[in-house]
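Please read the structure below before turning to the comments.
The values are calculated or read from the model by the stated rules, or taken from the named source; none is laboratory data. Every value quoted in this text rests on a predicted model; they were computed, and no experiment measured them. Reconstructed Cβ throughout: ideal geometry from the backbone, glycine too, with neighbour counts over all protein chains shown. What goes into the accessible areas is simple: the full protein's heavy atoms, side chains included, and nothing from ligands, DNA or RNA. Shrake-Rupley method; radii C 1.70, N 1.55, O 1.52, S 1.80 Å.
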Amino acid sequence: MSLSSPNDLESRTLNEGKEDLEAGLSDRHVSKEAVSDQEITQVPRQASLANQEQNEDEFVIIVNWDGTDDPASPRNWSFRKKWGAIAIVSAFTFISPIASSMVAPASAQIASEMGITSSVVTAMTISVFILAYAVGPLVLGPLSEIYGRSRVLQIANMWFLAWNLGCGFAQNTAELIVFRFFAGLGGSAPLSIGGGVIGDLFHPQQRGQAIAIYTLAPLVGPVVAPVAGAWIAERSTWRWVFWATTIADACVQLMGLLFLKETYGPVLLERRAATIRAELSEDERAHTRVRTIFEGEDRDWKAILKRALTRPFAMFAREPILDLISIYTAFLYGLLYLFITTLPEIFQQTYHQPIGLAGLHYIALGLGLFTGAQIGARSLDRSYKYFTAKNGGVSRPEYRLPQMMPATLILPAGLLLAGWTAHNHVFWFAPDVGIYLVGLSIILMNLTLAASTFLRSLAGFGFPLFAPAMFNALGYGKGDTILAAVALALAPVPVFFWKYGERIRGMSRTARKA
C-alpha cells in the first residue's frame with residue numbers, strides 16, 4: 001500500500017476516452033484510472049467527525065485495478081472470454097431487430113384480420129417498434145452505468161420477451177401497437193449498451209472487428225427475419241411470427257444468464273470495494289472509508305441520468321458536425337426500414353409472387369449487408385492503423401472514413417437500379433442486384449459513422465409511413481430516384497470530414513472539455 005495525500009492522488013489521474021457507438025449513442029464512456037500500480041491506496045487524513053469532540057485519523061481506501069495487467073479488468077480478459085461476451089451481446093442485438101421486422105410480410109394478414117384500411121396504420125404496426133428505440137436508450141444507457149451492463153441488458157430483454165409474447169395475443173390494432181411499442185423499449189437495450197461493452201473490452205485501435213460484428217446484428221436481423229416471417233405467415237398465422245421470436249429470445253436469454261459477465265469497470269470496482277468493506281472489523285469500519293477511483297459527484301445516479309437525458313440534445317444544439325453525421329445515419333437507417341416494409345409489396349404485386357417466395361428477396365438485402373460487414377471487418381482496423389502510422393503514430397477518427405467513400409456512390413446506383421427495374425417489370429433478378437448494392441453501401445457507411453440512436457430510430461419509424469404514399473403516387477422508379485438524389489447530395493460528407501474534420505473538432509466545446 002502506498003501513502004499519499006488525497007490531492008496528490010487526484011492529481012495523478014488521467015482521462016481515458018472511449019468511443020461512443022449506434023445504437024444510442026448518448027452514452028458517456030469516459031473514466032479515470034489511477035497511474036499507481038497498486039490495487040488499494042490508503043490515505044491517512046484528519047477528518048472532523050460529527051458528534052465527536054476531537055479529530056481522529058480516518059483512512060481512505062481507494063480501490064483501483066491492480067496495475068495495467070490486472071486480469072480482472074475486462075480489457076485484460078482472455079481472447080475467448082472477450083469474444084464470448086461480444087457473441088452474447090450480438091445475439092441480444094440480433095434478436096430484437098428480428099422482432100422489429102419479422103412481421104412485415106404478414107402485415108396484409110394483420111390488416112385483414114383487424115380491419116385496418118389505412119396503409120399508414122399498417123406500416124405503424126411494424127415501425128412503432130423502432131420508435132421505442134429512440135426513447136429506450138435515453139434511460140437504459142445511463143442505468144447500465146449505475147447497475148452494470150449485464151444486469152440492465154438482461155432485465156430489459158426479459159421485459160421485451162414478455163411484451164413480444166403479448167403481441168401474439170393482441171385482439172385489436174390498439175393493443176398490437178401498444179404492445180409493440182413496449183416490446184421495443186426493452187429491445188432497445190442492446191443498441192444502447194452494446195457499444196459500451198465493446199468500449200469496456202477493447203482499446204480503440206482494436207475495436208474494428210468487434211464493431212463490424214456488433215453492427216451487423218441490428219442491420220442483418222431485420223433483413224433475415226422477414227424471410228422466415230413470410231413462410232410462417234403463409235403456412236400458419238401471423239401470431240406465430242411473435243411466438244417464434246419469443247422462443248428464440250428465450251434461448252438467447254438463457255445464454256445470457258449462464259455466460260454473460262459484467263464488463264463495466266466502475267461497477268466491477270464497486271463490487272471489489274464492497275468485498276473489502278465486508279472484510280473490515282467493526283472498529284476499522286468506524287475509521288475507514290472505502291471508495292473506488294471512479295467515485296465522485298459524476299457517479300451519483302441523479303447526475304448520470306440528468307447528463308444522459310440532456311447531453312444528446314445539448315450536443316445537437318452545439319455541435320454541427322454531430323448534426324450532419326446524425327442526419328446521414330438517420331437517412332441510411334430510414335432507407336433500410338423503407339426497403340424492409342416495401343419489399344413484400346414490390347414482389348407480390350409487381351411480380352405476382354406468393355408471400356413465401358416474395359420473402360426470399362430479403363436475402364438480396366441480407367447478402368449485401370453481410371458482404372459489407374466482411375469488407376468492413378477486414379479494412380476498418382487496417383485503415384485506422386495505416387493512416388495512424390503514416391501520421392507519426394497520432395490517430396484521428398477520420399482514419400476510418402476511406403472505406404465509406406466508394407459506398408456513397410454505390411448507394412444511389414443501387415437505388416436507381418432497384419427502382420427503375422421494378423418500375424419496368426424487368427426480370428426479378430435485376431431489382432435484387434440493386435437491393436444488394438443498397439445493403440452493401442448501408443453497412444459500409446454505418447460501420448464508419450457512429451451517431452445518435454435517437455434520430456436514427458425516428459427515421460426508421462418515419463420512413464415506412466410515407467413510403468407507400470410516395471410509391472403509389474410516383475411509382476418505384478421516380479420514388480427511388482428522389483431517394484438517390486438525397487443520397488448523392490449527402491455523398492460529399494465523408495470527403496468533407498476527411499479534409500476538415502480535425503479543424504471542426506478543434507472548434508468543438510465538447511472536445512475541448514474532454
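Remarks
- Whole-Hz ³J(HN,Hα) from phi, Karplus 6.51 cos²θ - 1.76 cosθ + 1.60, for region 416-427, glycine and proline x: 5, 5, 5, x, 6, 5, 5, 4, 9, 6, 5, 2
- Percent carbon-and-sulfur accessible area, region 78-165, ignoring ligands, DNA and RNA, probe 1.4 Å: 71 percent
- Whole-number accessible area per residue in Å² for region 60-317, which is evaluated in the context of all protein chains at 1.4 Å: 40 Å²
- Ranking His203, His425, His361, His352 from most to least accessible surface, computed with a 1.4 Å probe over the protein chains only, gives His352, His425, His203, His361.
- Summing +1 for each Lys or Arg and -1 for each Asp or Glu among the other residues whose beta-carbon sits under 13 angstrom from that of Gly376 gives +3.
- Shown are Lys81, Lys302, whose ranking by accessible area with a 1.4 Å probe and every protein chain present, most to least, is Lys302, Lys81.
- In Å², nearest 10: area of Phe160 left accessible to a 1.4 Å probe: 0 Å²
- Note on exposure: Lys499, Lys82 ranked by accessible area (1.4 Å probe, complete protein assembly) read Lys499, Lys82, with the most exposed listed first.
- In this structure, the amide hydrogen of Thr292, modeled 1.01 Å from its nitrogen in the peptide plane, lies closer than 5 angstrom to those of Val63, counting only residues at least 5 positions away or on a different chain.
- Using heavy atoms of the protein chains and a probe of 1.4 Å, the accessible area assigned to Leu254 is about 100 Å².
- Protection proxy ranking, peptides 140-152, 169-181, 382-394, average beta carbon neighbours within 10 Å, highest first: 140-152, 169-181, 382-394
- Accessible area per residue in Å² at 1.4 Å probe, computed on region 319-507: 40 Å²
- Three-way shape call for region 60-317 based on the alpha-carbon gyration tensor, with the a/c threshold at 1.5: prolate
- Members of Lys261/Lys306; Lys390/Lys499; Lys385/Lys499; Lys82/Lys261 lying beyond 21 Å, as alpha-carbon distances in this model show: Lys261/Lys306
- In order along region 461-474, the Karplus-derived 3J(HN,Hα) couplings, from 6.51 cos²θ - 1.76 cosθ + 1.60 at θ = phi - 60°, round to 6, x, 4, x, 6, 8, 4, x, 5, 5, 6, 5, 7, 10 Hz, and Gly and Pro are given as x.
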